[in-house]
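Remarks on the structure that follows.
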Number of protein chains: 2
Amino acid sequence: MSVPGRMIKIHADDNVAIVVNAEGLSAGSHLADGALLVDSVPHAHKVALVDIPENGEILRYGEVIGYALQSIPRGSWVHEGLVRMPEAPPLEELPIATRRTPPLEPLTGFTFDGYRNDDGSVGTKNILGISTSVQCVAGVVNHLVERVRKELLPRFPNVDDVVALNHSYGCGVAINAPAAIIPIRTLQNITRNPNLGNEVMIVGLGCEKLDPFKLVPPGHVARSDGCSPVLTLQDAGLKGFNDMVAALMDVAEQHLVRLDQRRRQSCPASELVVGLQCGGSDALSGITANPAVGHAADLIVRAGGSVMFSEVTEVRDAIHLLTPRTIDQSVGQALVREMAWYDRYLQAGEADRSANTTPGNKQGGLANIVEKALGSVAKSGCSPIVDVIGPGERIRRKGLTFAATPASDFICGTLHLAAGMNLQVFTTGRGTPYGLAMAPVIKVATNSTLAQRWHDLIDLDAGSIATGEKSIAQVGEELFALILDVASGRKRVCADRLGLHNDLVLFNPAPIT
Amino acid sequence: MSVPGRMIKIHADDNVAIVVNAEGLSAGSHLADGALLVDSVPHAHKVALVDIPENGEILRYGEVIGYALQSIPRGSWVHEGLVRMPEAPPLEELPIATRRTPPLEPLTGFTFDGYRNDDGSVGTKNILGISTSVQCVAGVVNHLVERVRKELLPRFPNVDDVVALNHSYGCGVAINAPAAIIPIRTLQNITRNPNLGNEVMIVGLGCEKLDPFKLVPPGHVARSDGCSPVLTLQDAGLKGFNDMVAALMDVAEQHLVRLDQRRRQSCPASELVVGLQCGGSDALSGITANPAVGHAADLIVRAGGSVMFSEVTEVRDAIHLLTPRTIDQSVGQALVREMAWYDRYLQAGEADRSANTTPGNKQGGLANIVEKALGSVAKSGCSPIVDVIGPGERIRRKGLTFAATPASDFICGTLHLAAGMNLQVFTTGRGTPYGLAMAPVIKVATNSTLAQRWHDLIDLDAGSIATGEKSIAQVGEELFALILDVASGRKRVCADRLGLHNDLVLFNPAPIT
C-alpha cells in the first residue's frame, strides 16, 4: 500500500493518499508515479493522486468522502476547504444481514487472570465502588473515599482501589420524561460492572428523585449478612457529619473484608468485555491504530469474547457498510433505529452529525465526519455484528456488539462501564490523558510522534504501521497480548500508573428541572 | 399567626394551616376554634381549618394551591392525595411593573472585609481557580491541584485554596447549536468570579471543540508579565506527563505569588453578590427559612448590594406575584420570556413543571409545585425586581435580580457562580450536605429538628420562627450579620469547615455528539 514520498493509499479505487511522514511533505516531492507535489502537505493530510474535476468524487477507503468544490490538480493538498460533504446515507432500504462470509476461525487456549463473580462475569480489577443516587452527597462521598484510602485500604492488600462513582444526576431532573430511562439505567448498570464484584455501596440523601434502592444490583439486597447496600444521609439515626462518616466507614469495611478474600484465577479470554473507542482522531486513525484495533477485536471475538464498538455520530456515515454485517433483520433494524433516534435528537437541538468533527480532527487531516466515520469503524474489524444495545444498557451477547453511545469520550466511557466493560481500548492521534477509574484503558497512538512525545501516557504505538515497520496484523496481535496482560493485572496502563481518571459523565437527553 | 396545637396559618384567607411541632399532631388534638383534629397529621403537613367541599379551593399564602379531589372535613389531614393541582398561571396579560410601593429605606454603614479586584468586584475568598476547556484534562488537573495543595500552598498563607473547575463540557458537544451558548458563557463567566481574583489558570487539551482562549477573562491575556493564562497539554514542547505537570506547577506558582499579595480590606455591603437557593424543601420552608432569607435579602438590597433569586420551575406558579414587582416593562417581559423558554424546554422533553417536586418535598408536606413555588419565592423578600439574567449570564445591576436557572441545587449553584456570586444562602428542610468550593454557602434549616440533628452541617436554624421564639425579622437580621461575618472570613460555613463541596454541573440544553 505504501508509495514513495511516504504516502498511504488505502483502497485501490482511492484518488487521494495520506502523507504519513512525521514532518509532512514539501511541494516538489515526488508522487509514486513520478508526478510532483503541487503544494506542501502536512502530516496525515490528503494528496490528490489524479486530477479531480470540480464536483468530482473524492475517494478514500473506496468510499466517497466528499466532492471537489473546485477542480483539484494531481499533487495538490486536498484540505477541508476543497471538500463538500456528502449527505448522510439514507436509513431506508439499507442492505441488512447480506454479507455471507464464512465465520472466523475460533481461537482457543487464550486466558487471563481475572476476578470471577457470582453472576458469571469476570473483573479485571477488584474495586470497592461507592455509588450515589444524587450529586448532593458528592462532598461526603469524596471525603469518605479519602478516608477509606488512607485508613482502611492498607489493611486490605487484595483490593485494588476505592472509587467514588459521583455523577450529576438524581435530583433536579424530569425523572419521568421518556428519555430519563437512559441516565437511570446507566447508573443501575454501572453498579453491576464486573470490576466492582457485586460489593458496591450506595450513598443516598433521602429526599432525592432517584430512589437509591433502585441502584442496588440484583441479588445484593437479600444478602444473608444483613448488610444493607444503601446508606441514606437523612436517616434520623445519623446525628451530623461525623456520625454519617462513621456509619459509612463501617459499611465500607464490611465490603472490603469480602473483597479482600477474592483472588485472581485463570479465565478464558471469552470472559473479556472490551470497549473500543477513539478520541482526538487524525487521518492516520483509519490507517494505523483503528485497523490494528479491529484486528485485535477480531481475535477477541474468535476467542469467544465480547467487544463493543460505539459512537453513533462516527458510524452514521458508514452505516451502509455496517448493516450488511448484522447477523439478522432484528439486529440490523435495531442498528438503523439507533441511527434514526440520534438523527432526530440532533435535529431537535438544531444540530446534525457534522457537529462531530473537532478543530483537532481537522488539523489532523480529517476533512469531515464522513472521512472520520470511515476511519472510525475500522475499529470494528470484520466480525459479524451480533447485537445492538441502547445507551446505558448491558451487553447481552458474546461477539461484536454495537453499543449506541455518543462519541464524547467520557460519556462513551461511562456507558461502556454501564454495559459491563472490563477493559477499554482507546485510539488517539492528537493525544488525550483520558482514563477511567473503574476499568483499565489501553491508549493506542495512531502515530509515533505522539507515542514518543507522550512516552508515559501512551500504552502502544501503532505508528509503526505507517512507516511500514509493522503490519496491521502484527500490531493487532501485540494489542491482543497487551489486553490479556492488562486484564490479568500483570501490566498497568499509563493512566492507572499516573492515577489519571476522568469523571463519570452521564448521557441525559431528558430535561433538567 | 400561631394558633393552639402549634399550627401556622400564613394568610388571613387561608383555609389550611401547617402543623409545626416536631412530632406532628395526633387525631383528637384541638384546633384554634376548639374543633378536633380528625386525622393524625405529620410535622409540616396541612390541616383543613374549615370544611372544604369537593372541587373547592385549597388556600395557602392567600393563593389557590389546589382543588379538593373530594370533600375534606374540617380537622382533616390535607395530604397530596386529596389535592388536584391547578394549571400554571398563563403567561399572557400578566400585570407588569404595577406594584407602586415606596422604596425601602436605604441602610448605610454595613461593611465586610473582602478582596477587592481590578474590575471593581470584591471576593469573599482568595482562591486560585484552575479551569479547563474540556473534561478530557480532568485527571491531569486533579493531580495538579493535589500537588499545588501539598507543595505550593503552604508557602502562600494568604491564599485560601486551590480549586479545580472541572466540568463535563468542551468536546463531544454540538457547539454551534443555539442552546450551546448557555454552557459556553457559563464557563466563560465562571473564570470571572470575584473569588478567583482574575488569576484563573486554564488548562486546555488542544483538539477540543471549546477554544480554551475563549475562557480567558477580559484583560487577562494582555498581562505585562507575559504569563499566558492558558496551557495546552498537546503543545509540542511538552514531552509527556511529568513535563506537563512541571509546566503547570510553574504557572500555578506565578499566580499564587500574586494572589498571596492580596489582603482583605473593608468594603461596603453594597459589594455583596448573594445568591439565594433552596433544596430539600418542606412545607416549613415557606414559613420559616425562606421568609427570613427574604428579610435578609431586603436588608442587602437596602444596603446597596446585589441579590439573585432563581429556580424557574419554582417561581413559575407564582409568576403572577412577581411580574408586578419588576421595575419596568422590559424587565417584566424578560421574566415572562424566561418562563416561556422553560415551558417549551420541558415540553420538548415531554415533561412539565410538575416534574419538580421530589419524594422528599412530598414527605415534607408540599402537595405540589404550586405550594412549593409559593414558599420558594418568599426568599425574594419584597424588593423590586430590577433585572432578569439568562442561565450563565453575569449579573448587571445592584438590587434584586431574577437569575433564570434550573432548580437543581448544583446547577443553580454553578450558574450563580457564573453570574458573579460571592456568597450563597441555601435553605433546606430535609437537609443536604451541599457546598461550593468557589464561594461560601450558608445553610439555613427550616426546622430545629434538622438543625439539631445536623449540628455540624447547618449554619443557622430558622426553626425558632415556627416555635414562636423568634420573629422572621429577627432571624433575617441574624442571617444578614452572619453573611457579613462569612464574607469577611471571620466565620467559616460548615461546608467549608468540613471540606464538603459539590461538583460544578453545567446546564446544557444543547445536544451531545
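The values are calculated or read from the model by the stated rules, or taken from the named source; none is laboratory data. Remember, predicted model here, so these are calculated numbers, not experimental data. For neighbour counting, all protein chains shown are included, and Cβ atoms are generated from backbone atoms with ideal geometry for every residue, glycine included.
Filter the range A:351-360 for residues that are polar (S, T, N, Q) and more than 7 Å from chain B (Cβ to nearest Cβ); which is nearest to A:H79 (Cα to Cα)? Write out each step before concluding.
Just the residues of the range A:351-360 that are polar (S, T, N, Q), to begin with: A:354, A:356-358.
Now restrict to residues that are more than 7 Å from chain B (Cβ to nearest Cβ): A:354, A:357.
Values: A:S354: 17, A:T357: 14 Å.
Checked the range A:351-360; the qualifying residue nearest to A:H79 (Cα to Cα) is A:T357.
Take the range B:319-353 and flag every residue that is more than 19 Å from B:P509 (Cα to Cα) and either modelled with pLDDT under 95 or of a type in the set (D, E) (or both).
B:D328
Within the range B:53-102, count every residue that is of a type in the set (A, V, I, L, M), part of a loop (DSSP other than H, G, I, E, B) and touching a strand residue (DSSP E or B) at 6+ places or on another chain (Cβ under 7 Å).
Of the residues in that region, 5 qualify.
Can you name the residue in the range B:188-219 that is within 14 Å of chain A (Cβ to nearest Cβ) and part of a strand (DSSP E or B) and is also nearest to B:P511 (Cα to Cα) among such residues?
B:G204
Test of understanding: among A:G332, A:G365, which residue is touching a residue at least 24 places away in the same chain (Cβ under 8 Å), more than 7 Å from chain B (Cβ to nearest Cβ), touching an Asp or Glu at 6+ places or on another chain (Cβ under 7 Å) and crowded, with 18+ Cβ neighbours inside 10 Å?
Within the list A:G332, A:G365, the selection yields A:G365.
Could you list, in sequence order, the residues of the range A:142-172 that are more than 7 Å from every other protein chain (Cβ to nearest Cβ) and hydrophobic (A, V, I, L, M, F, W, C)?
Within the range A:142-172, A:L144, A:V145, A:V148, A:L152, A:L153, A:F156, A:V159, A:V162, A:V163, A:A164, A:L165 qualify.
Read through the list (1) touching a residue at least 40 places away in the same chain (Cβ under 8 Å); (2) over 10 Å from the mean Cα position of the chain (by Cα), then give the number of the only condition that B:Q452 fails.
So B:Q452 meets the others, but not (1).
I'd like the full set of residues that are polar (S, T, N, Q) and over 30 Å from B:E23 (Cβ atoms), limited to the range B:337-370.
Selection gives B:Q347, B:S354.
Do we find that A:A373 is crowded, with 24+ Cβ neighbours inside 10 Å, out of contact with any Phe, Trp or Tyr (no Cβ under 6 Å at 6 or more places or on another chain) and within 23 Å of A:I442 (Cβ to Cβ) in this structure?
In short, yes.
Under 9 Å between Cβ atoms, which residue pairs at least 6 apart in sequence (or on different chains) link something in the range B:475-490 that is under 14 Å from B:S266 (Cα atoms) with a partner that is crowded, with 20+ Cβ neighbours inside 10 Å and of a type in the set (S, T, Y)?
B:V486/B:T124; B:A487/B:T124; B:S488/B:T124; B:G489/B:T124
Would you check which residues across the range B:110-129 are touching a strand residue (DSSP E or B) at 6+ places or on another chain (Cβ under 9 Å) and assigned to a loop (DSSP other than H, G, I, E, B) and list them?
B:F110, B:N117, B:S121, B:T124, B:K125, B:N126
Could you tell me which of the residues A:L107, A:L82, A:L59, A:L91 is closer than 20 Å to A:C382 by Cα, modelled with pLDDT of 95 or more, buried (at least 16 other Cβ atoms within 10 Å of the Cβ) and not acidic (D, E)?
A:L107
Where in the range A:394-513 are the helices (runs of 4 or more DSSP H), entirely inside, with at least 2 residues that are under 30 Å from A:Q135 (Cα atoms)?
Of the helices (runs of 4 or more DSSP H) lying wholly inside the range A:394-513, those with at least 2 residues that are under 30 Å from A:Q135 (Cα atoms) span A:409-419, A:494-498.
Please specify each residue of the range A:307-334 satisfying the condition of being assigned to a loop (DSSP other than H, G, I, E, B) and either under 30 Å from A:P42 (Cα atoms) or within 18 Å of the chain's Cα centre (by Cα) (or both).
A:S310, A:E311, A:V315 - these are the residues of the range A:307-334 that are assigned to a loop (DSSP other than H, G, I, E, B) and either under 30 Å from A:P42 (Cα atoms) or within 18 Å of the chain's Cα centre (by Cα) (or both).
Looking only at the range A:220-232, count how many residues are at pLDDT below 85 and either on the phi > 0 side of the Ramachandran plot or outside any loop (DSSP other than H, G, I, E, B) (or both).
1
Can you say whether A:N198 is at positive phi and touching a residue at least 24 places away in the same chain (Cβ under 8 Å), as far as the supplied structure shows?
yes
Take the conditions modelled with pLDDT of 95 or more, assigned by TED's automatic domain parsing to the domain that holds B:Q424, at positive phi and not in a strand (DSSP E or B) and apply them to B:G294. Does it pass?
no
Among the candidates A:E311, A:E338, which residue alone is among the charged types (D, E, K, R) and under 22 Å from A:A462 (Cβ atoms)?
So the residue among A:E311, A:E338 that is among the charged types (D, E, K, R) and under 22 Å from A:A462 (Cβ atoms) is A:E311.
Are any residues in the range A:9-52 surrounded by fewer than 20 Cβ atoms within 10 Å (Cβ to Cβ) and either assigned by TED's automatic domain parsing to the domain that holds A:A445 or part of a strand (DSSP E or B) (or both), and if so, which ones?
Of everything in the range A:9-52, those that are surrounded by fewer than 20 Cβ atoms within 10 Å (Cβ to Cβ) and either assigned by TED's automatic domain parsing to the domain that holds A:A445 or part of a strand (DSSP E or B) (or both) turn out to be A:H30, A:L36.
Among residues belonging to the range A:376-393 that are assigned to a loop (DSSP other than H, G, I, E, B) and either among the small types (G, A, S) or within 15 Å of the chain's Cα centre (by Cα) (or both), point out the one that is surrounded by the most Cβ atoms within 10 Å (Cβ to Cβ).
Within the range A:376-393, the match that is surrounded by the most Cβ atoms within 10 Å (Cβ to Cβ) is A:P391.
When the residues of the range B:425-457 are narrowed to those that are crowded, with 24+ Cβ neighbours inside 10 Å and polar (S, T, N, Q), which ends up nearest to the other protein chains (Cβ to nearest Cβ)?
B:T432
Only residues that are facing another protein chain (nearest Cβ under 7 Å), over 16 Å from the mean Cα position of the chain (by Cα) and under 20 Å from A:N142 (Cα atoms): list them for the range B:483-513, please.
Result: B:L498, B:G499, B:L500.
I'd like the full set of residues that are surrounded by fewer than 22 Cβ atoms within 10 Å (Cβ to Cβ) and either assigned by TED's automatic domain parsing to the domain that holds B:W77 or in contact with a helix residue (DSSP H, G or I) (Cβ under 9 Å, 6 or more places away or on another chain) (or both), limited to the range B:350-362.
B:E350, B:D352, B:S354, B:K362
Do you know which residues across the range A:335-349 are within 14 Å of chain B (Cβ to nearest Cβ) and part of a helix (DSSP H, G or I)?
A:M339, A:W341, A:Y342, A:D343, A:R344, A:Y345, A:L346, A:Q347, A:A348
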